[in-house]
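Below is one structure, written out as structure tokens; comments come after it.
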Amino acid sequence: MNEDSINLLKECNSGCKSATNSMEQVLPFTKDQGLKTVINEYNEKHIKIGDQCHQILNEYHKEEKDPPAMAKAFSWISTEVKLMINDDTHKIAELMIDGCNMGIKSVSEYINKYKNASRECMDLAKNLVTIEQGFMTDLLKYL
């Protein structure tokens, strides 16, 4: 497996971890059952993609990448403060949509950066972008 494939998998895996951390953080604040269902559905999809990345990296004896600790801490604190001030359905959807935008942008950048990644890794990354786009679309009705 070439370096571009490994790097793309690591970034996708890290992004999935960030996404699931964020979704699991907002769930206790989520009062709307429909929104809760949407978040849980996409959390499962992110876990599945992350597991696939993890499995492939393990097959090649490569370490996975965790989200940067400082970014993770800042994101957690920022989300907590925003939800303490306003934990309504609109705010939660807005936070999740912002995360989708970041995910789409960063994974798309990695797809372009790691052009020599294997087809399997590229397909996984493109699937992640598609999931993020679907999540964002499903969240729009809660704004």
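A few remarks follow.
- Extreme residue, nearest to Thr37 (Cα to Cα), among residues of the range 87-108 that are of a type in the set (Gly, Ala, Ser) and in contact (Cβ under 8 Å) with a residue 60 or more places away in the chain: Gly99
- Candidate set from the range 62-87 (those that are more than 12 Å from Ser18 (Cβ to Cβ) and surrounded by 14 or more Cβ atoms within 10 Å (Cβ to Cβ)); member that is modelled with the lowest pLDDT: Leu83
- Selection from the range 18-38 of residues that are surrounded by fewer than 15 Cβ atoms within 10 Å (Cβ to Cβ) and either polar (S, T, N, Q) or part of a helix (DSSP H, G or I) (or both): Glu24, Leu27, Pro28, Gln33, Gly34, Thr37
- Members of the range 113-143 found to be out of contact with any helix residue (DSSP H, G or I) (no Cβ under 9 Å at 6 or more places or on another chain) and closer than 14 Å to Glu3 by Cα, listed by number: Arg119
- Output for the range 92-109, where each listed residue is over 14 Å from the mean Cα position of the chain (by Cα) and within 18 Å of Ile6 (Cα to Cα): Glu109
- Residues being among the hydrophobic types (A, V, I, L, M, F, W, C), part of a helix (DSSP H, G or I) and closer than 20 Å to Glu41 by Cβ - total across the range 97-143: 13
- Filtered by the rule that a residue be buried (at least 22 other Cβ atoms within 10 Å of the Cβ) and either aliphatic (A, V, I, L, M) or touching a strand residue (DSSP E or B) at 6+ places or on another chain (Cβ under 9 Å) (or both), the range 108-122 gives a lone residue, Ala117.
- Search result, residues across the range 1-17 that are under 11 Å from the mean Cα position of the chain (by Cα), surrounded by fewer than 22 Cβ atoms within 10 Å (Cβ to Cβ) and either in contact (Cβ under 8 Å) with a residue 60 or more places away in the chain or closer than 9 Å to Cys121 by Cβ (or both): Glu11
- In the range 36-54, the residues that are more than 18 Å from Leu139 (Cβ to Cβ) form Cβ pairs under 6 Å with partners that are not in a helix (DSSP H, G or I), at six or more places apart or across chains, as follows: His54/Glu64.
The values are calculated or read from the model by the stated rules, or taken from the named source; none is laboratory data. Quick caveat, the model's predicted, so the values are computed rather than measured. Please note: Cβ atoms are built from the backbone with ideal geometry, for glycine as well, and neighbour counts cover all protein chains shown.
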